[in-house]
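Trainee: I have a structure I would like to understand better, so I am pasting it below and will then ask my questions one at a time.
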Amino acid sequence: MNNHTQLSLPASRQGSPLLGGQLATHPREMLRATLGAALGLSLSVWLCQQVFGTAVATLLIGPVGASAILLFAVPSGALAQPWSILGGYLTSAVVATAVAQLGGHSLPMASLAVGLSVLAMFLLRCLHPPGGAVALCVVLAGPALQALGERAILPVMLNALSLLTMAVLYNNLTGLRYPKRPAPQINMHPAADRTPALSSGITTEDLDTALEGFGGFVDLTREDLGQLIEKAEQAAMRRRVGAVQAADIMTRELHLISPETTVRDALDLLGAMRLKVLPVTDAEQRLVGVVTLVDLASVLDRRRLRLGRRRPNDRTPVSEIMTAQVTAVAAQAPIGDLVPLLSERGLHALPVLDGDRLVGLVTQTDLIGALQRGLYGQRG
């Protein structure tokens, strides 16, 4: 990232101080979230009504409506995760019940309950804004909820559980994974350790500093921010390289071996052709695995140790040592998508497939050569 670069958006995309910023939300996602929030709220209110009566369900509908917006419209946010809603509702209900029992049902006590609930949710790492509304509802409850006493926690938690269950089912059925899984470790090494294409030079310490610089709570984790930067860099790379695809830069003259090829023959072929990787294919040229120079050398080294360092005549088939789970790409894959595979995953080459047939290899040398030749927007 260049500290001196400014991002300019058209006036129609910038938003305004009064109307807020522009949300990058597709209309289809808006419709999905709208239907989900309506269904989730309806189910929660209906269940609460059946168990505790209409009066109690009506008193608690406010916080459930607010939670529905978080769980269905922004389900990837930290405030919308299961522990946030369950812990937030439980903490707020317990705090508010205790405050009401000790201080009565008044506006000052309601304000105190909200403040204490926020503090408790921070400490328990379950901040959920509708929890404040839960505290208000419990302290300022009408006769129906007051009659439950300390048992007012029960309808609160029924709402939380039913809404969360609906969010899990609906979001996943509509193609949105929820709850958010732990993010994989992101390679955020300094620029010297990364390729020029992904050379932002941002470290995890930089991310922590940026998040702390907001001066308040940010509904975004370090991992989320790192992934966002990584995806933005990849999108920028795809934009710069234009329409260049794996098929445009791949090596088409392949040296293939079969699963029955011996380790010794494979090693001789690698040495003669100065290769590091050999694809293993069947009779239909379908990829079944790969063997690398390191794989073969390690096998022979073990044989030498057992044979007193004499040159072995190894007839082991490569099918016994090859890697069967191979990372491959389609011939139409943009070369911008190949950069992180070849730069950060330790791969020397990527098999290129047309359907299920092997048609080429993209090596690190091929990719670097394409970038150096400036093939952006051209066909090789």
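Trainee: Using Cα-Cα distances under 8 Å and only pairs 6 or more residues apart, what relative contact order does segment 70-162 have, in percent?
Mentor: Numbers: 130 pairs, mean separation 33.3, N = 93.
Value for segment 70-162: 36 percent.
Trainee: Modelling each spin label as a point 7 Å along the Cα-to-Cβ direction, I'd like the V288/S106 distance in nm, to one decimal.
Mentor: 8.3 nm
Trainee: Taking 45 Å as R0, compute the FRET efficiency from the Cβ-Cβ separation of R151 and T174 and round it to 0.05.
Mentor: On the way: r = 35 Å, r/R0 = 0.79.
After rounding to 0.05, the efficiency reads 0.80.
Trainee: Now, a different point. For segment 128-138, just list the computed ³J(HN,Hα) in residue order, Karplus coefficients 6.51, -1.76 and 1.60, θ = phi - 60°, integers in Hz, with x standing in for Gly and Pro.
Mentor: Taking θ as phi minus 60°, the curve returns 8, x, x, x, x, 5, 4, 4, 4, 4, 5 Hz for segment 128-138.
Trainee: Go through V326, V51 and list them by solvent-accessible area, largest first, probe radius 1.4 Å. Let's see the in-between values first.
Mentor: Working: V326 45, V51 95 Å².
Descending accessible area places them as V51, V326.
Trainee: With θ set to phi - 60°, apply the Karplus curve 6.51 cos²θ - 1.76 cosθ + 1.60 along segment 26-37 and write out the HN-Hα couplings as whole Hz, x wherever there is a Gly or Pro.
Mentor: Karplus values, whole Hz, x for Gly and Pro: 6, x, 4, 5, 4, 5, 4, 5, 4, 5, x, 5.
The values are calculated or read from the model by the stated rules, or taken from the named source; none is laboratory data. Keep in mind that what you see is a predicted model, and the values were worked out from it rather than measured. Reconstructed Cβ throughout: ideal geometry from the backbone, glycine too, with neighbour counts over all protein chains shown. Heavy atoms of the whole protein, side chains included, go into the accessibility calculation; ligands, DNA and RNA do not. Shrake-Rupley method; radii C 1.70, N 1.55, O 1.52, S 1.80 Å.
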